[in-house]
1. For L218, what accessible surface area do you get with a 1.4 Å probe? Give it in Å², rounded to 10.
2. Between E207 and W279, how many nm apart are label points set 7 Å from Cα along the C-beta direction?
3. Return the sequence-ordered ³J(HN,Hα) values of segment 264-272 in whole Hz as given by the Karplus equation 6.51 cos²θ - 1.76 cosθ + 1.60 applied to θ = phi - 60°, using x for Gly and Pro.
4. Please work out the FRET efficiency for the pair V323 and L466, using the Cβ-Cβ distance as r and a Förster radius of 56 Å; give the result to the nearest 0.05.
5. Quick one: if the Förster radius is 22 Å, what FRET efficiency do Q246 and V56 give, using the C-beta to C-beta distance and rounding to 0.05?
6. Can you tally the net charge around S250? Count Lys and Arg as +1, Asp and Glu as -1, for every other residue whose Cβ sits under 10 Å from the Cβ of S250.
7. To the nearest 0.05, what FRET efficiency results for T483 and A355 with a Förster distance of 45 Å applied to their C-beta separation?
8. Based on the mean of other Cβ atoms within 10 Å per residue, sort peptides 303-309, 111-117 so the most packed one is first.
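The values are calculated or read from the model by the stated rules, or taken from the named source; none is laboratory data. Keep in mind it's a predicted model, so treat the numbers as computed, not measured. Here the Cβ is made from the backbone with ideal geometry for all residues, glycine too, and neighbour counts use every protein chain on show. Surface accessibility is based on the protein's heavy atoms, side chains included, excluding ligands, DNA and RNA. Shrake-Rupley method; radii C 1.70, N 1.55, O 1.52, S 1.80 Å.
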Amino acid sequence: MKFKWEWICLGFLVCSSVSTEAENEADSEVNFDNSEVTDIDEDVGVSPQVEYKTPVPIGEIYFEETFDDGTLNGWLFSKMKKDGADDDIAKYDGRWEIEDLKENKIPGDKGLVLKSVAKHHAISAMLKKPFIFDDKPLIIQYEVNFQDGIDCGGAYVKLLSNTDNLDLEQFFDKTPYTIMFGPDKCGEDYKLHFIFRHKNPKSGVYEEKHAKHPEVDLKTFFTDMRTHLYTLVLQPDNTFEVLVDQTVVSKGNLLEDMVPPVNPASEISDPFDKKPEEWDERAKIPDVTAVKPDDWDEDEPSEIEDLSAVKPEGWLDDEPEYVPDLNSQKPEDWDETMDGEWEPSQIRNPKCESAPGCGEWSRPLINNPKYTGKWKPPMIENPNYQGIWSPRKIANPDFFEDLHPFLMTPFGAIGLELWSMTSDIYFDNFIICSEKEVANRWASESWGLKKLVASANEPGIFGQLLTATEERPWLWIIYILTTGLPLGLIIAFCWPRKKTLEDVKKKQADSVQCSTKAELEQEKEEMEKDVNLEEEKEEEKEMSEKEHERKSDEEPEAVESQEEECSKENRSPSDDEMKEADESPGSGDGPTKSIRKRRVRKD
């Protein structure tokens with residue numbers, strides 16, 4: 001058993017070391033092409049000093065922006081007012097700045113920061129060339145950091161439709177867009193929008209189509225105050241993927257996973273069809289043949305007094321449950337003509353605290369076993385049931401079928417039109433392209449570097465665990481169980497056990513038994529020696545007496561007969577006699593009994 005528990009302890013240690021090593025390897029994985037780590041001081045915990053270079057895209061690019069030059073060249077502020085808003089807040093006068101990150105900043109890396117609270121913001125820029133939906137994918141990617149968290153506000157972008165009258169200074173909430181994509185939050189509703197405007201081929205009217213909500217928990221991306229990478233990939237086969245930090249959080253098909261669907265139903269309910277008056281939708285009806293039983297008493301109350309209850313001893317019948325507060329005073333501004341007569345506030349009677357109760361005692365109520373309630377006839381199946389009525393179906397006059405919703409309206413600009421109750425929302429490294437490799441390389445040279453610095457500045461696994469308990473105190477129970485249980489098992493089965501009082505008593509009892517056994521054997525030997533000595537003395541005494549008799553006797557015959565008799569008496573018992581004595585009953589009772597039998601035979 002000891003060997004078995006030693007192997008269990010060894011297994012615990014091996015598992016712990018392997019899991020720790022795996023975590024360290026996962027944290028240390030980096031894959032950057034355009035950055036170089038120049039110095040890491042592990043002893044003092046300083047974040048790595050990195051050499052940052054502004055990323056340069058390779059391939060066909062429709063738009064890119066890093067803000068590293070510290071200017072807003074190419075970006076225009078809106079001069080419009082938000083439609084339908086109050087005049088004092090309708091104007092797009094929210095402030096934008098180019099700044100470094102507040103935390104985990106990298107020298108030379110800057111971003112666009114939304115600075116105002118409770119204001120409308122609008123800023124936009126033209127693409128290098130319009131994006132036309134044909135046989136090439138669309139990829140839009142950018143970074144967001146809610147540096148102070150987020151109460152209510154968005155960080156999404158709009159791809160503005162390429163129309164003849166597109167004017168970026170006139171950009172506002174009604175400006176036509178093709179796609180809206182990005183995070184948005186208000187209250188406890190965390191969203192990641194993907195919306196596109198689809199043109200009805202029959203009516204020419206545009207309608208918004210919303211992707212279904214991702215099934216993952218998005219809260220962390222809004223609350224951890226780290227820079228996150230948002231990517232939308234649209235394929236010509238109508239499939240799409242939404243990624244956060246290069247991990248897919250939502251995917252689907254434009255024909256199947258949008259709300260409302262792109263294509264309407266081929267049939268609709270006839271709006272002019274009406275339910276007939278005789279139509280019976282009741283599945284069950286009361287049994288008209290049923291009769292109320294004679295013993296059914298509808299007057300019995302549902303609860304009655306418990307007659308077996310007895311008033312507790314010490315109940316204070318004459319003391320009220322509440323008494324006026326003698327320390328309360330009438331307010332100075334109390335007007336009896338307006339407020340009425342002032343009365344002191346009521347407090348619980350202090351005498352009732354030590355008693356089982358105060359005031360008039362009454363028996364508690366219990367359920368009435370005779371209660372039946374109001375009688376109702378039982379329900380039976382309706383023989384005239386016709387089912388739930390629904391209007392007949394007719395062909396949808398507005399039906400159309402668009403099998404290629406990917407072929408959307410071309411767009412020629414990108415814009416941020418936002419309202420926020422939190423400031424310092426950070427945007428950086430926008431890119432619009434058609435090749436996934438180009439977007440991945442751009443991310444590795446920009447967002448990947450931020451991720452490296454943020455990971456190096458993290459407090460460590462224990463610090464993260466403690467931080468998690470601030471929002472979820474119940475995690476302490478899990479921590480105690482996951483750490484205390486293995487430690488308890490290791491201590492219980494691997495640590496040397498101390499001798500208890502019970503063990504000492506058991507050992508003493510064993511030693512007493514051993515000593516008793518040895519003393520019995522020693523007593524046995526001493527008794528055998530004493531018996532032998534007594535026998536020898538008796539033999540010598542008999543010999544001396546018989547010798548004396550032989551000498552004193554004159555007749556030789558008497559002497560001879562006496563000698564024969566003496567020799568017979570002194571003759572030792574034969575082997576058969578000894579064996580018979582040993583096998584006789586009682587020989588197994590101990591050495592004392594066997595010795596006693598031999599002495600009897602000799603006597």
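1. 10 Å²
2. Inter-label distance under the simple model: 2.5 nm.
3. Residue by residue, segment 264-272 yields x, 5, 6, 10, 10, 6, 5, x, 9 Hz.
4. Details: r = 50 Å, r/R0 = 0.89.
That pair, V323 with L466, gives E of 0.65.
5. On the way: r = 20 Å, r/R0 = 0.91.
The formula returns an efficiency of 0.65 here.
6. On the way: positive: K212, K251; negative: E215, E241, D257.
Charge balance in the 10 Å sphere: -1.
7. Numbers: r = 49 Å, r/R0 = 1.08.
Computed FRET efficiency for T483 and A355 comes out at 0.40.
8. Numbers: 303-309: 10.9, 111-117: 19.6.
Peptide ranking by packing, descending: 111-117, 303-309.
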